[in-house]
Amino acid sequence: MGRKTRNVGIVGIGQTEYSSHKEDQNQPEMINEAVRAALRDANLTLDDIDCIVHGNMELFESVHQPDLWHVLGTGAFGKPQFRITTGGTTGATLVCAADNLVASGMYDVVMAIGFEKLQEAGSTTAGITNMADALWMRHFQTGALLGAPANNIIEEFGEDRARRAAMKLRIMMDKNATLNPRAHRRFGLEYDQLEHLMNTSPPLVGELRLIHMCSQSDGACVIIFACEEKAKAICPKPVWVRDHIAIHKEETVSNNFAWKIPETSHRRAARLLFERNGITDPIEYFDVFEMYDPSAWWGVEWIRDFFLLEGDEHIKMVENGELNIDGRMPINPSGGVTSANPIGATALARVAEAALQIRGDAGPHQIKREVKHALASGFGGTLWTVLIMLEKDLDW
């Protein structure tokens, strides 16, 4: 990203509830619900929006160029519009694109729309299976259903400790989700169920069990971005997009799928982002992290990379409750991806939820102490990582 020409603020946020099905809405209607919510939040009308950035996984939904149909719900008729699809990172890429469009001076106010609604004709499995080359990329045909993260943690820390850490993190995410009225999966899990869940949840791949895994959700998320001058006029407490970075391993991923690579895309993204922003201790600097966590096993593994930790520091943070909503480093107060996964909107929701925490508007899952600095991530496709920094004040 580098140095910006103009500062960019988040001035409006809208989300639907996330669920397995939305029988009472079609795609444009569902999107329109989130669009209207974001416009109300920003006290704007469609006339105030200069450009729209639209994203989903059209490969999964079997509808080509859905943005044309969705004009009925997005309000994009007669306006410039960009359509983006980058796999699981789509929502985070929407943030980067919208931020760049405003920072560049091309537009003053940009609305980013992410969504997923698969029940009419969609299938994530069909999309993934037909996406990957049958020979070179056959590992990808499982999507996020991988046993490798569990194998890695078990190999390094032992089976019992690893299994307990993964399940404790999953229960932690569910406890957060029960506070979030928009979350899809809210089971009301308790820590004293840990042993039972470890042993009885249906296995998917190796030690990856059904309870560990994210769902397939329907829902939409909308964020409105504005240049500094307009952001200050529109919103009493805009949230500033400080910086973002995208890192991927696309060119070598088929050779590195055993995950035995010198530096993962997560760690590289974090290292470069923190270095150029002068952040030497991310655990102390950030007040919240909305992490794209497709499974509890991946969540445990990735904490170490995102915060540049070594050894078993990340495992200890899980074990000691430091990642709880009232802990030293709250992760996913919203419940995260294992609680709601509207794929094209999933990473956008991470940014929306982080921004709501900074504003103090997250509702029942609001962190009790002041939130000034937030981190949000997106992940998908070919080991593609997007990392985004949000700030309460323009004092960096």
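The table below gives the values:
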item	result
Entirely in segment 26-112, the helices (runs of 4 or more DSSP H) that have 3 or more residues that are of a type outside the set (A, V, I, L, M) and at pLDDT 95 or above	27-42, 90-103
Condition met for Gln27 (of a type outside the set (A, V, I, L, M), over 16 Å from Ile234 (Cβ atoms), touching a residue at least 24 places away in the same chain (Cβ under 8 Å) and touching a Lys or Arg at 6+ places or on another chain (Cβ under 7 Å))	yes
Among the residues listed as Asn7, Asn43, the single one being surrounded by 17 or more Cβ atoms within 10 Å (Cβ to Cβ) and either in contact (Cβ under 8 Å) with a residue 40 or more places away in the chain or among the polar types (S, T, N, Q) (or both)	Asn7
Answer from Leu204, Leu146, Leu179, Leu194 - the residue that is over 24 Å from Ile31 (Cβ atoms) and buried (at least 21 other Cβ atoms within 10 Å of the Cβ)	Leu146
Which listed residue is more than 30 Å from Gly363 (Cβ to Cβ) and of a type in the set (Val, Ile, Thr), from Thr200, Thr178	Thr200
The one condition in (1) out of contact with any Ser or Thr (no Cβ under 7 Å at 6 or more places or on another chain); (2) closer than 19 Å to Asn152 by Cα that Ala374 fails to fulfil	(2)
Long-range neighbours under 6 Å by Cβ, at least six apart or interchain, first residue more than 12 Å from Ile331 (Cβ to Cβ) and surrounded by fewer than 24 Cβ atoms within 10 Å (Cβ to Cβ) within segment 281-299, second of a type in the set (A, V, I, L, M, F, W, C) and modelled with pLDDT of 95 or more	Pro282/Phe274; Pro282/Phe307; Tyr285/Ile279
Of all residues making up segment 269-307, the number that are part of a helix (DSSP H, G or I) and among the acidic types (Asp, Glu)	4
Residue check for Phe187: of a type in the set (Phe, Trp, Tyr) and within 21 Å of Asn320 (Cα to Cα)	no
Members of segment 308-336 that are part of a loop (DSSP other than H, G, I, E, B) and within 22 Å of Gly158 (Cβ to Cβ)	Leu309, Glu310, Gly311, Asp312, Asn320, Gly321, Glu322, Leu323
Residue that is modelled with the lowest pLDDT [pool: residues in segment 217-256 that are surrounded by fewer than 18 Cβ atoms within 10 Å (Cβ to Cβ) and part of a loop (DSSP other than H, G, I, E, B)]	Asn256
Single condition Trp384 does not satisfy, out of (1) buried (at least 24 other Cβ atoms within 10 Å of the Cβ); (2) modelled with pLDDT under 95	(1)
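The values are calculated or read from the model by the stated rules, or taken from the named source; none is laboratory data. Source: prediction; values computed, not measured. When we count neighbours, we look across all protein chains shown, and the Cβ atoms used for this are built from the backbone with ideal geometry, even at glycine.
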